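Asks: I have a structure here, written as structure tokens, and I will follow up with some questions on it.
The values are calculated or read from the model by the stated rules, or taken from the named source; none is laboratory data. A quick note: this is a predicted structure, and the numbers were derived from the prediction, not measured. Backbone-built Cβ (ideal geometry, glycine too); neighbour counts: all protein chains shown.
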Amino acid sequence: MCDKVLLDDEIIRLVGISERALAILKENDRIIDLRLHAYLPSKGPVSVPAYVVYHNAARGPPCKGGIRMSSDVTLDETIQLAEIMTYKSALMDLPFGGGKASIVADSRLPPQEKGILVREFAHKIRNELTSGAFVPAPDLGTGPREMATIFGETHMRECVTGKPIGIGGLPGRREATGYGVAVVVEQAARELLNSELSRLTVGVQGFGNVGSWTCTFLSSFGAKITAVTDVTGGTIDRDGLDVEKLKDHVVKHGGVEGYGKHLSNEELFKLDVDILIPAAIGCVITGENAGEIKSRLIVEGANAPTTKEGDEILARKKVPILPDILANAGGVIASYDEWMIAKSGSRTKQEETYSTINKALVTAFKEAVDYSSANEVSLRKAALALAASRLVSTMEDRGWI
Ligand code: NAD
């Protein structure tokens, strides 16, 4: 985990957050620390740490957040990610608290073995799931298949979002986060860079759920995707990559490396692309590399990709950053619809999902830009201040403060 900008003194002063409210926001509502004991055919018997964190449940239950599966994930990182979810849901004005779960295991395990761990995890937190306290969704290393496993354990559609369509998944949920990233990029190109997307080049780190759909939608909106990297390596084509061909390559070869001309992750962050989109892991824009970034706009498809030092350097260089709680909120907006539909039994169409995401993100983008210019703060601080003021007023409404 690295140092990340969340509430700082400037935001606390701007919003007027009281000591009592701050004390609550600085703590976690609940931490569940588990060990999953299982037999994995490729590894034998294993005992795997797993965590569930509810950061702030004022706007819940449920607490909402993804399940991360990674060998590197820690409890501290899970706490930070849950905190991000608190502010993201508040910024989007959704009635969700901030939560997150993690399973400390290699996400490249065979799908059947991931399934064994996820089933054990769902079994152990069954009460959290069936009581509606925690509603998970996909995150790094998990996807619809793992959400289907959770549904298989509970047989309650409202217990999990990001499910496959056949068991009550929302049409458009799979693409939702990447679609949302593309929507805010289009807004920012026009409002902050005074340019149409068709005149801009884009570099993306990560070609999983968020990165690949971001590339699909951005290229359909006219942008030129010139560079993509992932855990295996990367590729560059200054004339523009064919996103669909790259997707086929990843399905066949398990990663981006080997497609066209090689590009490393380090090189991506020094490239002269107009827009840089980290959409993989955390802490990749740091005090070490932020000074070398040439891009005119950073869009946080990933959660917490920018460290505090990286953020300060980019602020000095006057490079705007669309923060994670705004840029990648398409997923949680769609999850809200999936959760509501699971409860009501109604149905919807992909176009309606896109339209809901579009409206919510265009509104949130405008609010953040207006707040930022009215108060002369970065877009990140503006988004956090808007979210924090909603949270404080919800805590007042609930008699917490
Ligand atoms: P994913 O598992 O589908 O894809 C992850 C991608 O990151 C893969 O392309 C992988 O190769 C790449 N990657 C992993 N380690 C890397 C490394 N060390 N260097 C470079 N690339 C690396 O995950 P995802 O769902 O696309 O999530 C990506 C990010 O977006 C995460 O930060 C997640 O928290 C955030 N996010 C996801 C969603 C969602 O709906 N899935 C919603 C909001 C935010």
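Asks: Which one is farthest from K224 (Cα to Cα) among residues in the stretch 255-265 that are surrounded by 13 or more Cβ atoms within 10 Å (Cβ to Cβ) and away from the ligand (no atom under 12 Å from the Cβ)?
Replies: Among residues in the stretch 255-265 that are surrounded by 13 or more Cβ atoms within 10 Å (Cβ to Cβ) and away from the ligand (no atom under 12 Å from the Cβ), the one farthest from K224 (Cα to Cα) is G258.
Asks: Same structure, new question: Of the residues A50, A57, which is within 16 Å of R390 (Cβ to Cβ) and of a type in the set (A, V, I, L, M)? Steps first, please.
Replies: Details: A50 fails: within 16 Å of R390 (Cβ to Cβ).
Unique residue meeting the criteria: A57.
Asks: Can you name the number of the only condition in (1) over 26 Å from V377 (Cα atoms); (2) free of Cβ contacts under 8 Å to residues at least 60 places away in the same chain that V210 fails?
Replies: With (1) over 26 Å from V377 (Cα atoms); (2) free of Cβ contacts under 8 Å to residues at least 60 places away in the same chain applied to V210, the lone miss is (2).
Asks: Among residues belonging to the stretch 266-277 that are in a loop (DSSP other than H, G, I, E, B) and within 11 Å of T229 (Cβ to Cβ), point out the one that is farthest from the ligand (Cβ to nearest atom).
Replies: L271
Asks: Does T394 meet the test of being over 17 Å from the mean Cα position of the chain (by Cα), more than 18 Å from G65 (Cβ to Cβ) and either among the β-branched types (V, I, T) or part of a loop (DSSP other than H, G, I, E, B) (or both)?
Replies: Here the answer is no, as T394 does not meet what is asked.
Asks: Could you tell me whether any residue of the stretch 194-204 is within 14 Å of the ligand (Cβ to nearest atom), at pLDDT 95 or above and surrounded by 21 or more Cβ atoms within 10 Å (Cβ to Cβ)?
Replies: Yes, the stretch 194-204 contains a residue that is within 14 Å of the ligand (Cβ to nearest atom), at pLDDT 95 or above and surrounded by 21 or more Cβ atoms within 10 Å (Cβ to Cβ).
Asks: So, one more: Scan the stretch 167-193 residue by residue and report those that are among the polar types (S, T, N, Q) and within 14 Å of the ligand (Cβ to nearest atom).
Replies: Correct list: T177 only.
Asks: Of all the residues that make up the stretch 289-304, how many are under 16 Å from V184 (Cα atoms) and either without any contact (Cβ under 8 Å) to a residue 40 or more places away in the chain or touching a Ser or Thr at 6+ places or on another chain (Cβ under 7 Å) (or both)?
Replies: Residues in the stretch 289-304 being under 16 Å from V184 (Cα atoms) and either without any contact (Cβ under 8 Å) to a residue 40 or more places away in the chain or touching a Ser or Thr at 6+ places or on another chain (Cβ under 7 Å) (or both): 3 in total.
Asks: Every residue in the stretch 230-255 that is over 23 Å from S107 (Cβ atoms) and β-branched (V, I, T), please. Explain how you work it out, then say what you get.
Replies: Residues of the stretch 230-255 that are over 23 Å from S107 (Cβ atoms), as a first pass: 236-242, 244-245.
Matches in the stretch 230-255: I236 only.
Asks: In addition: Considering only the stretch 319-364, how many residues are under 19 Å from the mean Cα position of the chain (by Cα) and either of a type in the set (A, V, I, L, M) or within 16 Å of the ligand (Cβ to nearest atom) (or both)? Explain how you work it out, then say what you get.
Replies: Within the stretch 319-364, the subset under 19 Å from the mean Cα position of the chain (by Cα) is 320-339, 353-354, 356-364.
Retained after the next criterion (residues that are either of a type in the set (A, V, I, L, M) or within 16 Å of the ligand (Cβ to nearest atom) (or both)): 321-339, 353-354, 356-357, 360-362, 364.
Residues flagged as under 19 Å from the mean Cα position of the chain (by Cα) and either of a type in the set (A, V, I, L, M) or within 16 Å of the ligand (Cβ to nearest atom) (or both) within the stretch 319-364 amount to 27.
Asks: Sticking with this one: I'd like the residue in the stretch 244-254 that is within 13 Å of the ligand (Cβ to nearest atom), without any contact (Cβ under 8 Å) to a residue 24 or more places away in the chain and assigned to a helix (DSSP H, G or I) and, out of all such residues, is surrounded by the most Cβ atoms within 10 Å (Cβ to Cβ).
Replies: Only one residue fits best here, namely H249.
Asks: Conditions: (1) away from the ligand (no atom under 16 Å from the Cβ); (2) under 20 Å from the mean Cα position of the chain (by Cα); (3) closer than 21 Å to L268 by Cβ. K308 meets all but one. Number of the miss?
Replies: (3)
Asks: Tally the residues that are part of a helix (DSSP H, G or I), hydrophobic (A, V, I, L, M, F, W, C) and within 24 Å of R30 (Cα to Cα), restricting the search to the stretch 155-171. Can you show your working first?
Replies: Going through the stretch 155-171, the residues part of a helix (DSSP H, G or I) turn out to be 157-159, 165-167.
The next check asks that each one be hydrophobic (A, V, I, L, M, F, W, C); those that pass are 159, 165, 167.
Those still in the list that are within 24 Å of R30 (Cα to Cα) too: 159.
Final tally of qualifying residues: 1.
Asks: Here's another thing I want to ask about it. I'd like to check something: does the stretch 92-99 contain any residue that is within 17 Å of M147 (Cα to Cα) and touching a Ser or Thr at 6+ places or on another chain (Cβ under 9 Å)?
Replies: Yes, because at least one residue in the stretch 92-99 is within 17 Å of M147 (Cα to Cα) and touching a Ser or Thr at 6+ places or on another chain (Cβ under 9 Å).
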